[in-house]
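Structure first, then comments.
The values are calculated or read from the model by the stated rules, or taken from the named source; none is laboratory data. Please read these numbers as outputs of a predicted model, since none were measured by experiment. Cβ placement follows ideal geometry from the backbone for every residue including glycine, while neighbour counts extend to all protein chains displayed. What goes into the accessible areas is simple: the full protein's heavy atoms, side chains included, and nothing from ligands, DNA or RNA. Shrake-Rupley method; radii C 1.70, N 1.55, O 1.52, S 1.80 Å.
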Amino acid sequence: MSTAAPPADWHRLDPRTVLVTALVVAGVVSGAAIPVTLGLTRVFGFPAAVLQVLAGALLVIGVAAGADRVRWHRTRYRVGEERVDLHTGLLLVKRRSLARDRIRTVDLTANLMLRLLGLVTVRIGTGEQGSESTLVLDPVTRAEGERLRLLLLERAATASPGVHREGELAVLDPRWIRYAPVSFVAPMLGGAAAGAVMQVSDWIGAQGQVIEWVGDRFRETPLLWTIIALVLAALVAGVVGALGLWIEMWWNYRLEREAGGTLRVRRGLFTSRSISVEEARLRGVDLVEPLGVRLLGAARLDAITTGLAKDHEARNADHNTLLPAAPRTRADSVAADVLREPDTPTGAVLTPHPRAARGRRLRWSLAAALGPVLILTLLGALLTPVLLWIALGCAVVAVPVAVALALDAYRALGHALSGRYLVTRSGTVRRSTAALERAGVIGWTVKQSVFQRRAGLLSITATTAAGGGAYTAYDTDASEGLTFAADAVPGLLEPFLERSPKGA
C-alpha cells in the first residue's frame, strides 16, 4: 500500500491517531479482561485462561490499530476559498463538502489521551439536523485545530449597539460546586451506582454473595430502616458522582468574547471542550433554574441561538450552556454582558397571569397525585387492606407536595416586553426564563382548549429558528396575551386580531 503524501492543498489527520486507538482499546480490553479471565478459569484453569485472554486482547488491539491505520491513510481534508472538503473510506469512498458561508460552529474537544499528545478533535458544523451537516477531523494537532477555528469562523468585525465588555466575561468560581449535589443528576447517579454493583457482581458470579452480605448487615434492622439506609447510601454515592461529574465538565471554565463577535466557552478537566457561538446568530438567553438549584438561589444560563450543531454527540454535551449553575445575580449580570444590554431582560418585572391559571395547575397536580392513590384504594378493597394503608400514606405525602408544586408553578408564570426582547417564564421542577429577541420571532401559535376558553385563558407561543424553536406564555388572559404578541412583533398578528372577536 502506497503512503505517498496527498497534494499540497490537502491535509491528513495526525498519524498518532493509530497510537491513540491502540491505547484506548487496550484500556477497554483491560477492563473486560478481569471478569472474562475469572469466567474462563472455571473451565480451563488459571494459566490457560490468562494466556487465552492475553492472546485475544492482543488480537483485538492489533485489529483496531490496523483499521485505524487504514482510516488515517484514506482520510484527507482541505479548506478552499468556498468549501471545506473531507474524503474518507477504503472500499466505499465518501466525499463530503460544506460551503464555508454555511459553517456556524467549529468546536474543539480533547479527551485526556489526546491532551497528553497535544491533539484535538475538530467538529465543523452548519447547525442543521443530521450527521451529514457536520465534518469531524479526529484528530489533528491543537495548533491546527485553532487555525481551522479562526479561519472558518472569521467574520467581518462589526460593532454591535449597546453597552458591552470585550474579552473575559466569566470564569470559574470553585464555590459553584456546592450546586452540584442538589441537581437531578445526583439521585440518577446513585441509582446507576447501585445497578453497577449488582451488574459487576453478576459478571464475576458473586451477586448472591453481595446480596447475602447486605442482608447480614441489616438482619436485625426493621424493613423500613433498611430501605432508608440503602436509599441514603445510594444518595451519598450519587452526590460523590455529581461532584466528580461537575469537576470534569466545568473545571477550567471560561467565557470570552473574541474579536469579530464570537462568544467562546472553554471548559473541562480531563476532556477539554471549546465551543464557539457567533453573536450574529444569538437570539437571546434562557435562564434555567432546576428546583434544587433554585432553592439555593442559583441558575444556569443557556444560549438561544441558531446554527449550533445538532448531531447526536452535540446534543449530549450541554452544547448551548454559557454559564453553569451560579448565583442568580451572577447569571443575570452575565446575561446582560452576553446580550450587550445595560440591564438583563431576564430580570425584567413580569406580568402575572390570572388566578384561573392557578386553579388549572392545582387540578392537574392533584389529579396526578391522587390517580395512583385511587388505583391503590380500589386494589386494596379487592385484594388486601395493606394496600389501603399504602394508599393513605401516599395521599398524606403526595397531596401537600402536589399543592406546593402547583402554587409554585403558578407563581412562576409571567411575561413581559423588555427593550428588544420578549420574556416568558414558566415551570417549577425546571423553571425557565427565556429572553428572546423580538426580531427573531417568525410566527405565533395560539392555543385555547375548551377549558381555557371557559376560564378566559389562552397559551401563546413565539416560534423561532433559534434555541428550542418555541417559547410559550402559558395560560395568559386571552386579550392580554394577544396584545402581548401584537406589541412584541408589530404587524405579525394584527390581521388575525382584526377578524377575531374581542377577548377571543
* Estimated D of segment 382-462 in µm² per second, where Rh is the Kirkwood radius over Cα pairs and Stokes-Einstein applies at 25 °C, 0.890 mPa s -> 152 µm²/s
* Sequence-distant residues sharing a close amide H with residue 421 (under 5 Å, placed H) -> 438
* **Integer Hz, Karplus 6.51/-1.76/1.60 couplings in order for segment 450-467, x for Gly and Pro** => 4, 5, 5, 4, 5, 8, x, 10, 7, 10, 10, 10, 8, 9, 8, 7, 9, x
* What range in the chain is the longest one free of GluC sites (Glu not before Pro) that are in a loop by DSSP and have at most 13 other Cβ atoms within 10 angstrom? -> 221-504
* To the nearest 10 square angstrom, what accessible area does residue 353 show with a 1.4 Å probe? -> 10 Å²
* **In sequence order, calculated HN-Hα J values of segment 43-58 (Karplus, 6.51, -1.76, 1.60; Hz; x Gly/Pro)** => 9, 10, x, 5, x, 5, 5, 4, 5, 5, 5, 5, 5, x, 5, 4
* Go through 94, 447 and list them by solvent-accessible area, largest first, probe radius 1.4 Å. => 447, 94
* From the phi of every residue in segment 260-271, what ³J(HN,Hα) in whole Hz does the Karplus formula 6.51 cos²θ - 1.76 cosθ + 1.60 yield, where θ is phi - 60° and glycine or proline is x? -> x, x, 10, 8, 10, 10, 10, 6, x, 8, 8, 9
* Rank 264, 12 by accessible area, highest first, at a 1.4 Å probe radius? -> 12, 264
* Order of exposure, largest accessible area first, which applies to 113, 188 with probe 1.4 Å -> 188, 113
* What shape does the chain have by the C-alpha gyration tensor, where a ≥ b ≥ c are the square roots of the eigenvalues, rounded means a/c under 1.5, and otherwise prolate means a/b greater than b/c and oblate the rest? -> oblate
* Asked: Using the heavy atoms of the protein chains alone and a 1.4 angstrom probe, what is the accessible area of segment 365-504 per residue in square angstrom?
  -> 51 Å²
* Check residue 14: other-chain or 5+ apart residues with amide H under 5 Å from its amide H, H built from backbone geometry? -> 140, 141
* Calculate for the chain the 222 nm mean residue ellipticity that helices alone would give, adding -39,500 (n - 2.57) per DSSP H run of length 4 or more and normalising by residue count, nearest 500 deg cm²/dmol. => -15000 deg cm²/dmol
* Asked: Counting only residues 5 or more places away or on other chains, whose amide H sits under 5 Å from the amide H of residue 304 once H atoms are built in the peptide plane?
  -> 283, 284, 285, 286
* Accessible area expressed per residue, segment 219-263, with surrounding protein chains retained (probe 1.4 Å, Å²) -> 59 Å²
* **Fraction of accessible area attributable to carbon and sulfur, the chain (%, probe 1.4 Å)** => 65 percent
